[in-house]
Amino acid sequence: MKKIVVIAFIFLSTLAQAQLTSKEEVAPELVEKREAQKKEITNNYLTLKNNLLVSDSLAVVKSAALLQQSLKNFRFKKLNLEQMNDATTKRKEIINLVAEVEATKNINKQRKIFEVLSVKFWDLAPKFKVADNTLYLQVCPMTNAVWVSDSKEIKNPYYPKNMLTCGAVKASL
């Protein structure tokens, strides 16, 4: 009988703790913090893209470092185990690509890495997107290289001198 009482007490304590944790996850200040983290990731990606637009390889290195740090600080929520593993793997791939961008000062190599990075970033964009912002997947029709933008206006980061406005919106979130 004692064992049943002890087990029941442990079960009720665990249940109460789980409910408390669940309530903490939706506290307004935590929601605001999470939205700020999402905004930081998206802004760091967009800054990286914009630095490629102006062909500033040193600024690209700095923005890559900021993107890498903001990605490392982000934790996924409300995913089942399979989704969590997939999202975590993709985030790690993006972090590795950002580290490659950060490791080179050659603007052409940075752009080549950014092509792959942008595809992977778009895969996770729904998890990084801030509630009140729209993101656009844009594509260069000459190379099929994609990038993410917060504007419908085309500004091609791969060929800013020759084909700045060459591209199209492929999708939006």
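Tabulated results
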read-out	value
Per-residue HN-Hα couplings for the stretch 36-41 [Karplus 6.51, -1.76, 1.60; θ = phi - 60°; Hz; x = Gly/Pro]	5, 5, 4, 4, 4, 4
Dipole of the stretch 94-173 [Lys/Arg +1, Asp/Glu -1 at C-beta], most positive-end residue of Asn108, Ser151, Ile95	Asn108
Per residue solvent-accessible surface (Å²) - the stretch 34-149, probe of 1.4 Å	50 Å²
About the Cα centre, charge dipole magnitude for the stretch 56-173 (Lys/Arg +1, Asp/Glu -1 at Cβ), debye	160 debye
Sites Asn85 and Lys161, calculated FRET efficiency, Cβ-Cβ separation with R0 45 Å, nearest 0.05	0.60
Flagged links, alpha-carbon separation over 29 Å, of Lys120/Lys161; Lys33/Lys155; Lys38/Lys161; Lys49/Lys77; Lys77/Lys112; Lys129/Lys155	Lys33/Lys155; Lys38/Lys161; Lys77/Lys112
Carbon plus sulfur fraction of accessible area for the stretch 36-126, probe 1.4 Å, in percent	50 percent
Residue (of Leu58, Asn43, Asn73) at the positive-pole extreme of the stretch 35-78, dipole from beta-carbon charges	Asn73
Local electrostatic count at Val60 - Lys and Arg +1, Asp and Glu -1, tallied over other residues with Cβ under 11 Å	+3
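The values are calculated or read from the model by the stated rules, or taken from the named source; none is laboratory data. Worth saying up front: this structure is predicted, and the values here are computed from it rather than measured. All Cβ positions, even for glycine, are placed from backbone atoms using ideal geometry, and neighbour counts span all protein chains on display. SASA here: full protein model, heavy atoms, side chains in, ligands and nucleic acids out. Shrake-Rupley method; radii C 1.70, N 1.55, O 1.52, S 1.80 Å.
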